[in-house]
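Everything below concerns the one structure shown next.
What follows is calculated from the coordinates using simple rules that are stated; it is not laboratory data. Small disclaimer: the values here were computed from a predicted structure and weren't measured. Cβ coordinates were reconstructed from backbone atoms using ideal geometry, including for glycine residues, and neighbour counts include every protein chain displayed.
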Amino acid sequence: MENKTKELLSGALKMIGQAKTKQELFAVNTKYLGKNGEISDLMRGLRDVSVEDRPRMGAILNECREEIDNTIREKTQQIENEELDEKLMNEKVDVTIPVKPKQLGTLHPLTQIQKLIMDFLVRKGFTVKSGTDIETDYYCFEALNVPKNHPARDAQDTFYINDDIVLRTHTSSTQIHTLESEEPPIKMVSTGSTYRVDEIDGTHAPFFHQLEIFVVDEKVSMADLKALLEEMVKFLFGEKTQIRLRPSYFPFTEPSAEVDATCPQCGGKGCSLCKGTGWIELLGCGMVNPKILKEHNIDTTKYAGYAAGMGLERIAMLRYGINDMREFFENDINLLKQFK
C-alpha cells in the first residue's frame, strides 16, 4: 500500500503541474480528494492492513492528502494571479481621459422641509417621537376628545379598516401615546404620513404629511406657544415675516387658534397667492384641553400644555414657491433637480 500511495502522489502532482485552468484543478481535486476519490479508496483499504502497520499507513495517507491539497491551493493561486495579470494587460485604462461626472441625487423637498423644521425644534430641546400610520379609533379620536358624532369620524372623511381601526387623520394621536409613556415635563415633536378621504387637486390629496408639536410643563401659556411659532416662522420664511392668531375650535385644545403668516410672496401687501389679504394660513394650535391631561392623571393645577399641527406640504409649497401639491408626488425629475 505504501508504494501505491507514492505512485498516487506522483501522479497527482504531475496532473496538478500540467493543469492550466481552475476547472482542471477541480477535476484533480475530485479524482484524488473527493468522497469517492483515490485517497478515500486507500483509506477504506486500511482495514486490510495489519494492526501494527495501520497507524503508520494512516499517517502516510494523511500526509499524501495534505500535500495534494496544498499543491492544488498553490497552483490555484498561481493561475488566478496569471489571469489577473492578463486582465490588467488587456484592460488598460487611460487615466488622462476626462471622466463623466456622476449625477448626485437630492432629498425630496418634503424631506428637506421636514428635516429643516425638526432640526430647528431639536435645537430648542424637543425630543423626536414616532407614531404609526394605522391607529385605533381611541387614539385617533376618542382620547383626543373628538366625540362620536364629530364629522371627522364619518367614513366620508376617514379611511376605516374596520369599526375600530383607521388610517390616522392627524399626527395628534402621538400626543396620547406620549402621555401614556412619559411624565411631565414633556417636549415632543412628531411627524409622519396622514390620510383623509379627499379629492386630488392642487391643494388637497388623500395622503399628506403632518408635523406635531406637543409640550406639557409647569407655567406653560399661550404666550410661550406664540413665541415659539413666531420664531419658527421667521426661521422658515425670513425675519420680516409676521404671524397672527385667529380664534378657532379643535376638540383637543382650549383655547384654539389658526395661525396665519404674512404672505411670503408679497410680504403682506396682497397678491394672487394670498387672494389680496396679505396673509396665508399655516397651521392650527392651542392649549391642550385640560380634560385630556386629567384623563392621564396629570395635575392641571400644576401643569398645562400646548400643541400645534401643520401640514408639511403647505409649508414646502410656500417656502419653495410650488403652486400645485401634486408636484410632490409626480416624481418630475426637473422639479427635484431644483432642490440640490
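A few points about this structure:
- 20 Å Cα-Cα threshold exceeded, pairs from Lys226/Lys275; Lys124/Lys234; Lys31/Lys75; Lys129/Lys302; Lys124/Lys291; Lys234/Lys340: Lys226/Lys275; Lys129/Lys302; Lys124/Lys291; Lys234/Lys340
- Based on every Cα atom in the chain, Rg and the maximum pairwise Cα distance Dmax equal 36.8, 110 Å.
- Charged-residue dipole, Cβ positions (Lys, Arg, Asp, Glu), region 109-339 about Cα centre, Debye nearest 20: 920
- Under the span-like rule (Cα at least 18 Å along the axis, Kyte-Doolittle mean at least 0.0), DSSP H helices of the chain: 109-123, 222-237
- Counting only aspartates and glutamates at least 8 places from Lys148 when in the same chain, those with an alpha carbon closer than 14 Å to its own are Asp137, Asp157, Asp163, Asp164.
- The Cys residues in the chain with no partner Cys Cβ within less than 4.7 Å of their Cβ are Cys64, Cys140, Cys285.
- Using θ = phi - 60° and Karplus 6.51 cos²θ - 1.76 cosθ + 1.60, couplings along region 297-302 (whole Hz; Gly, Pro as x): 6, 9, 5, 7, 7, 10
- Selected from Thr71, Val166, Pro247, residue furthest toward positive end of dipole (the chain; charges at beta carbon): Pro247
- Selection from Leu61, Gln23, Gly276, by position along the positive dipole direction of the chain (Cβ): Gly276
- For region 2-90, convex hull of alpha carbons as volume per residue, Å³: 71
- Relative protection proxy for 187-195, 77-85, 107-115, from highest mean packing down: 187-195, 107-115, 77-85 (other beta-carbon atoms within 10 angstrom).
- Computed helical MRE - 222 nm, the chain, DSSP H runs ≥ 4 contributing -39500 (n - 2.57), nearest 500: -12500 deg cm²/dmol
- Region 2-90, dipole about Cα centre (Lys/Arg Cβ +1, Asp/Glu Cβ -1), debye to the nearest 20: 300
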